[in-house]
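Asks: Below is a structure I'd like to ask you about.
The values are calculated or read from the model by the stated rules, or taken from the named source; none is laboratory data. Being a predicted model, the structure only gives us computed values, none of them experimental. Reconstructed Cβ throughout: ideal geometry from the backbone, glycine too, with neighbour counts over all protein chains shown. Heads up: the accessible areas ignore ligands, DNA and RNA and are worked out on the full protein's heavy atoms, side chains in. Shrake-Rupley method; radii C 1.70, N 1.55, O 1.52, S 1.80 Å.
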Amino acid sequence: MTSGGAGDSGLSKNQRREAAREKAKQLREEQRKKDIRNRVILISSLSVVVIAIVVGITLVITSTLKPAGPGPLNMASDGITIGTDFTAVTTPALAAGEDPVPTTPDTASGVVDIRMYVDYMCPFCGQFESTNNAQIGDWVKSGVATVEIHPLSILDRSSLGSKYSTRAANAAACVANYSPDQFWAFNGLLFSNQPAENTEGLDDDTLKDLVKQAGVTAQSDIDTCIDDTQFKGWVADATSRALQGPLPNTDEKAVTGTPTVLVNGQKYTGSLTDADAFSSFVLQVSGDESSTATPTPTPTAAG
């Protein structure tokens, strides 16, 4: 047999038994407290994990269900209207989830209403723009026509993942919001510097440089708007509305391709590279070829 510890000497058998019971009791109490602490730690850890999961799911749900943010100022119709001396018609911004407010053309005054649905990556839009920019600009500047431009993002798939159509349309919306009277100039610069399909398109710094070239009055605000793609939600919504239709003030049901050009509600289906053809269409639709106020073609070289 092994001998007991020094502390056991002089104790009776009953005392040693009682001491052993007390020691066992202390050990059980210590183990009980340890188990309680472990359970508390485990429950707290699980609670943190559960909360994190709930927060994550909530964020996913709210980001999915959250409507797109407000649209840009001066584009309540999903487009911006440019009038005499390239001055933009001011309108309030669309609230999140709000339906656009169609522009009411003033055709009774003889002013020609031109509406264009464009994608800044679309080569056919580029052809129409390079062919007709100068003569449309003359008509708008002199007040014989207004032009309403609707930027769309149909060709994101053609920019190698950079979503150039969305970024360019967002940049246009930024200009409409912060410096609307320079929209016509910026729109022209986007097309005169149009990238080819199936490239990444212009980067954001280049878009900002074009904004500067357009002579805007709020460069810093527009730069931030471009960096943040502030209006990308609106761009997506406006594009969806144009593709689903109906298009206001016309018998055309929806945009089926770009450019879609409407003159007093009638769709132009002629050559995109013949300024005379478009001018003749405008004259025909306006119904007053002999009027001195009727647009006179000023052709530019086809792109």
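Here is a yes/no grid of residues against (1) part of a loop (DSSP other than H, G, I, E, B); (2) touching a strand residue (DSSP E or B) at 6+ places or on another chain (Cβ under 6 Å):
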residue	(1), (2)
LEU73	yes, no
GLY97	yes, no
ARG115	no, yes
CYS125	no, yes
ALA134	no, no
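Asks: Take SER130 and decide whether it is open to solvent by 20 Å² or more (accessible area, probe 1.4 Å), within 15 Å of THR258 (Cα to Cα) and either touching a His at 6+ places or on another chain (Cβ under 9 Å) or among the hydroxyl-bearing types (Ser, Thr, Tyr) (or both). Please lay out each step first, then the result.
Replies: Working: open to solvent by 20 Å² or more (accessible area, probe 1.4 Å): yes; within 15 Å of THR258 (Cα to Cα): yes; either touching a His at 6+ places or on another chain (Cβ under 9 Å) or among the hydroxyl-bearing types (Ser, Thr, Tyr) (or both): yes.
Yes; evaluated as a whole, the condition is true for this residue.
Asks: Can you run down the residue pairs with Cβ atoms below 8 Å, 6 or more apart or on separate chains, where the first is in segment 186-197 and surrounded by 18 or more Cβ atoms within 10 Å (Cβ to Cβ) and of a type in the set (Phe, Trp, Tyr) and the partner is modelled with pLDDT of 95 or more and assigned to a loop (DSSP other than H, G, I, E, B)?
Replies: PHE186/ALA214; PHE186/VAL216; PHE191/TYR120
Asks: What about ASP85, is it open to solvent by 10 Å² or more (accessible area, probe 1.4 Å) and acidic (Asp, Glu)? Outline the logic, then answer.
Replies: On the way: open to solvent by 10 Å² or more (accessible area, probe 1.4 Å): yes; acidic (Asp, Glu): yes.
So ASP85 passes the test.
Asks: Looking at segment 173-181, can you tell me whether even one residue there is assigned to a loop (DSSP other than H, G, I, E, B), small (Gly, Ala, Ser), at pLDDT 95 or above and open to solvent by 10 Å² or more (accessible area, probe 1.4 Å)?
Replies: Of all residues in segment 173-181, those assigned to a loop (DSSP other than H, G, I, E, B) come to 179.
Subset that is small (Gly, Ala, Ser): 179.
Then drop every residue that is not at pLDDT 95 or above, which leaves 179.
Remaining after also requiring open to solvent by 10 Å² or more (accessible area, probe 1.4 Å): none.
No: segment 173-181 contains no residue that is assigned to a loop (DSSP other than H, G, I, E, B), small (Gly, Ala, Ser), at pLDDT 95 or above and open to solvent by 10 Å² or more (accessible area, probe 1.4 Å).
Asks: Give me the residue from segment 99-117 that is open to solvent by 10 Å² or more (accessible area, probe 1.4 Å), under 26 Å from the mean Cα position of the chain (by Cα) and among the β-branched types (Val, Ile, Thr) and, out of that set, modelled with the lowest pLDDT.
Replies: If we take residues in segment 99-117 being open to solvent by 10 Å² or more (accessible area, probe 1.4 Å), under 26 Å from the mean Cα position of the chain (by Cα) and among the β-branched types (Val, Ile, Thr), then THR104 is modelled with the lowest pLDDT.
Asks: Next question. All but one of (1) small (Gly, Ala, Ser); (2) in contact with a strand residue (DSSP E or B) (Cβ under 6 Å, 6 or more places away or on another chain); (3) farther than 24 Å from ARG167 by Cα hold for ALA242, so report the exception by its number.
Replies: Unmet condition: (3).
Asks: Scan segment 279-290 and give yes if some residue there is open to solvent by 50 Å² or more (accessible area, probe 1.4 Å), modelled with pLDDT of 95 or more and under 25 Å from LYS141 (Cβ atoms), otherwise no. Spell out the reasoning first.
Replies: First pass over segment 279-290, keeping only residues open to solvent by 50 Å² or more (accessible area, probe 1.4 Å): 280, 284, 287-290.
Now drop any that are not modelled with pLDDT of 95 or more, which leaves 280, 284.
With the extra rule that they be under 25 Å from LYS141 (Cβ atoms), the set shrinks to 280, 284.
Yes, the conditions are met somewhere in segment 279-290.
Asks: Open to solvent by 30 Å² or more (accessible area, probe 1.4 Å) and either farther than 24 Å from GLN266 by Cα or not in a helix (DSSP H, G or I) (or both): which single residue out of THR166, THR146 fits that description? Talk me through it step by step, then tell me what you get.
Replies: Values: THR166 fails: open to solvent by 30 Å² or more (accessible area, probe 1.4 Å).
Among THR166, THR146, only THR146 is open to solvent by 30 Å² or more (accessible area, probe 1.4 Å) and either farther than 24 Å from GLN266 by Cα or not in a helix (DSSP H, G or I) (or both).
Asks: Another question about this same structure. Given the conditions (1) of a type in the set (A, V, I, L, M, F, W, C); (2) closer than 25 Å to LEU94 by Cα; (3) open to solvent by less than 70 Å² (accessible area, probe 1.4 Å), and given that LEU243 satisfies all but one, which numbered condition is not satisfied?
Replies: Condition not satisfied by LEU243: (3).
Asks: Here is a further query. Restricting to segment 209-232, count the residues that are part of a helix (DSSP H, G or I), open to solvent by 40 Å² or more (accessible area, probe 1.4 Å) and not acidic (Asp, Glu).
Replies: Looking only at that region, the number is 6.
Asks: So is VAL235 in a helix (DSSP H, G or I) and open to solvent by less than 70 Å² (accessible area, probe 1.4 Å) or not? Before the answer, list the steps.
Replies: Working: in a helix (DSSP H, G or I): yes; open to solvent by less than 70 Å² (accessible area, probe 1.4 Å): yes.
It is true that VAL235 is in a helix (DSSP H, G or I) and open to solvent by less than 70 Å² (accessible area, probe 1.4 Å).
Asks: Please enumerate the residues belonging to segment 198-208 that are open to solvent by less than 60 Å² (accessible area, probe 1.4 Å) and more than 17 Å from the chain's Cα centre (by Cα). I'd like the intermediate steps shown before the answer.
Replies: The initial filter retains those residues of segment 198-208 that are open to solvent by less than 60 Å² (accessible area, probe 1.4 Å), namely 199, 201-202, 204, 206-208.
Matches in segment 198-208: THR199, THR206.
Asks: Regarding segment 242-256, can at least one residue be identified that is under 18 Å from ASP119 (Cα atoms), in a helix (DSSP H, G or I) and in contact (Cβ under 8 Å) with a residue 12 or more places away in the chain? Even if it seems obvious, please write down each step before you answer.
Replies: First, pick out the residues of segment 242-256 that are under 18 Å from ASP119 (Cα atoms): 242-245, 247, 254-256.
Keeping just the survivors that are in a helix (DSSP H, G or I) gives 242-244.
Pick out the ones that are also in contact (Cβ under 8 Å) with a residue 12 or more places away in the chain and you get 242-243.
Yes, segment 242-256 contains a residue that is under 18 Å from ASP119 (Cα atoms), in a helix (DSSP H, G or I) and in contact (Cβ under 8 Å) with a residue 12 or more places away in the chain.
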